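Presented below is the structure to which this report refers.
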There are 2 protein chains.
Amino acid sequence: MTLTPKGEARREALLDAVLRVLERDGASGVTHRSVAAEAGVPVASATYYFATLDDLFVSALRRATQQQVALFADLGEHDLRGFAEVMHDWAFTHRGAAIAQYELMFLAMRRDALRADAEAWYGALEHAIDPERLHPVRTRVTAHAIDGLLLRMLWLGEPSTVGEIEAAVREITSAISA
Amino acid sequence: MTLTPKGEARREALLDAVLRVLERDGASGVTHRSVAAEAGVPVASATYYFATLDDLFVSALRRATQQQVALFADLGEHDLRGFAEVMHDWAFTHRGAAIAQYELMFLAMRRDALRADAEAWYGALEHAIDPERLHPVRTRVTAHAIDGLLLRMLWLGEPSTVGEIEAAVREITSAISA
DNA sequence: CAATTTCTTGTACAAATGTACCAGAAGTTT
DNA sequence: AAACTTCTGGTACATTTGTACAAGAAATTG
């Protein structure tokens with residue numbers, strides 16, 4: 001029931017493999033076999049650490065969310081340029097990963113157990129916007145707008161440059177705090 | 001190559017069936033067989049009208065987006081209450097359908113051919129917010145915030161009552177136009 | 001070092017899947 | 001009504017799938 005260090009390492013290697021498969025082929029490409037192949041381990045190893053496909057998805061979502069939260073957490077205060085760079089990186093440079101993460105979120109939507117992860121995401125976003133939480137309402141509205149902007153970037157492919165993204169973010173913050 | 005009236009009817013029945021399967025079982029539940037069964041037609045009929053699974057998804061997205069756009073289009077101007085009701089209906093009463101539609105959107109993200117549908121969605125949303133397009137910037141920011149709010153409702157399950165949703169929408173519009 | 005747990009890996013199998021094919025029915029057009 | 005297209009629905013098949021099992025290697029524990 002407990003994991004040895006080596007076991008833990010292989011488990012994490014498999015989770016990383018899930019994210020890569022997800023990025024490359026989408027949710028429907030994730031199978032025990034494809035993940036095992038991506039990680040370079042036998043099939044039975046994937047089923048040993050993740051008995052069902054469900055386990056695979058749930059654990060992968062946890063990992064992806066944690067990585068995403070860390071991205072925003074490392075950001076300095078009021079660093080709109082840095083913020084725009086993170087958004088650009090996420091929506092364009094790692095577009096596949098971003099789409100994959102949303103796919104996971106929607107796959108997880110039918111599961112109450114994963115609500116905590118969704119809350120963590122919103123918490124990280126709001127913290128990046130207003131670390132001191134001085135204006136709760138304004139912060140919440142801004143977070144929604146940023147979230148919507150991210151979605152728009154993924155769907156329409158614009159704004160597409162760091163400069164345009166920064167402008168859009170300024171548009172949001174100034175429209176809301178004006 | 002052209003469809004007879006009867007053929008067109010069956011084609012649409014199949015598309016409706018896709019949306020129902022999607023709502024019930026998610027994207028992974030959509031197969032030629034499950035859709036055919038849901039529509040009460042033989043399997044070969046599903047493959048006749050939609051040669052590949054891809055055709056099925058693309059056509060279903062078109063249909064779902066059109067229905068969604070129509071929902072917003074029927075709305076009166078400055079009817080925040082009505083707007084909140086539409087949002088509540090969509091995110092709670094028909095939560096499965098809403099999730100399904102987003103799933104389709106993300107499935108479609110890797111296809112340029114479907115960008116037009118995404119644009120139609122944004123167009124409808126912005127039109128519902130500001131029919132006369134008097135304040136383009138403000139309207140765009142508001143649309144993003146509303147979009148983010150919708151996502152939040154689906155992920156966190158709140159705000160959950162029509163009243164709370166209307167309050168959240170007012171929060172957005174007043175924060176932005178203030 | 002013996003006992004016990006954790007891990008590895010090959011193998012097996014029923015079920016489900018995408019897709020193709022075909023013979024004939026129903027419909028449309030000339 | 002003849003010629004043609006569209007549609008129907010049954011059937012077949014190679015692949016891929018999730019999942020299970022078992023026997024042994026490796027690691028951990030007492």
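The values are calculated or read from the model by the stated rules, or taken from the named source; none is laboratory data. Source: prediction; values computed, not measured. Methodologically, a virtual Cβ is constructed for each residue, glycine included, from the backbone with ideal geometry; neighbour enumeration extends over all protein chains shown. The protein model used for the area step is the full one, side chains on, heavy atoms only, and it has no ligands, DNA or RNA in it. Shrake-Rupley method; radii C 1.70, N 1.55, O 1.52, S 1.80 Å.
Here are a few things to note about the model shown:
- Contact order relative to length of chain B, as percent, for alpha carbon pairs under 8 angstrom and 6 or more apart: 22 percent
- For the stretch B:90-99, Karplus couplings with θ = phi - 60° (6.51, -1.76, 1.60), whole Hz, Gly/Pro x: 5, 7, 10, 4, 10, 4, x, 5, 5, 4
- Based on every Cα atom in the stretch B:1-51, Rg and the maximum pairwise Cα distance Dmax equal 10.6, 32 Å.
- Protein heavy-atom accessible area occluded, A/B pair - total, 1.4 Å probe, Å²: 3700 Å²
- With all protein chains modelled, accessible area of B:Ser160 [1.4 Å, Å²]: 50 Å²
- GNM remark for chain A: springs join alpha carbons under 10 Å apart, and the peak mean-square fluctuation among A:Trp90, A:Trp121, A:Trp155 falls on A:Trp155.
- The trypsin sites (Lys or Arg not before Pro) of the stretch A:127-157 that meet both conditions, a loop assignment by DSSP and at most 15 other Cβ atoms within 10 Å of the site Cβ, are A:Arg133.
- Close amide H contacts of A:His135 (hydrogens built in the peptide plane, cut-off under 5 Å, sequence separation of 5 or more or a different chain): none are found.
- Around the Cα centre of the protein assembly as shown, unit charges on the Cβ atoms of Lys, Arg, Asp and Glu (plus for the first two, minus for the last two) sum to a dipole of about 940 debye.
- Size descriptor for chain A, Kirkwood hydrodynamic radius: 17.5 Å (Cα pairs only, one decimal).
- Angle between chain A longest axis and helix A:136-156 axis [Cα atoms, degrees, rounded to 10]: 60 degrees
- Protein heavy-atom accessible surface, 1.4 Å probe, per residue over the protein assembly as shown: 46 Å².
- In order along the stretch A:24-31, phi translates into HN-Hα couplings of 7, 10, x, 4, 6, x, 7, 9 Hz, rounded to whole numbers, per the Karplus curve 6.51 cos²θ - 1.76 cosθ + 1.60 with θ = phi - 60° and x for Gly and Pro.
- The Cα center of the stretch B:152-172 and the Cα center of the stretch B:8-31 differ in position by 29 Å.
- Solvent-accessible area lost in complex, 50 Å² minimum, residues of the stretch B:138-158 relative to chain alone, 1.4 Å: B:Val141, B:His144, B:Leu151, B:Arg152, B:Trp155, B:Leu156
- Convex hull volume of the protein assembly as shown per residue (C-alpha atoms, cubic angstrom): 160 Å³
- For the stretch B:46-51, backbone phi angles converted through the Karplus equation (6.51, -1.76, 1.60; θ = phi - 60°) give residue-by-residue couplings of 5, 6, 5, 7, 9, 3 Hz, Gly and Pro being listed as x.
- Normalised by the number of residues in the stretch A:1-51, the mean separation of alpha-carbon contacts (under 8 Å, six or more apart) gives a relative contact order of 31 percent.
- Carbon and sulfur %, accessible surface of the stretch B:62-177 computed with the full protein complex present, 1.4 Å: 51 percent
- Compared with the dominant principal axis of the Cα atoms in chain A, helix A:53-73 is inclined by about 30°.
- Dipole orientation for the stretch A:61-177: of the candidates A:His127, A:Leu75, A:Met105, A:Met105 has the Cα lying most toward the positive pole (charges on Cβ; Lys, Arg +1; Asp, Glu -1).
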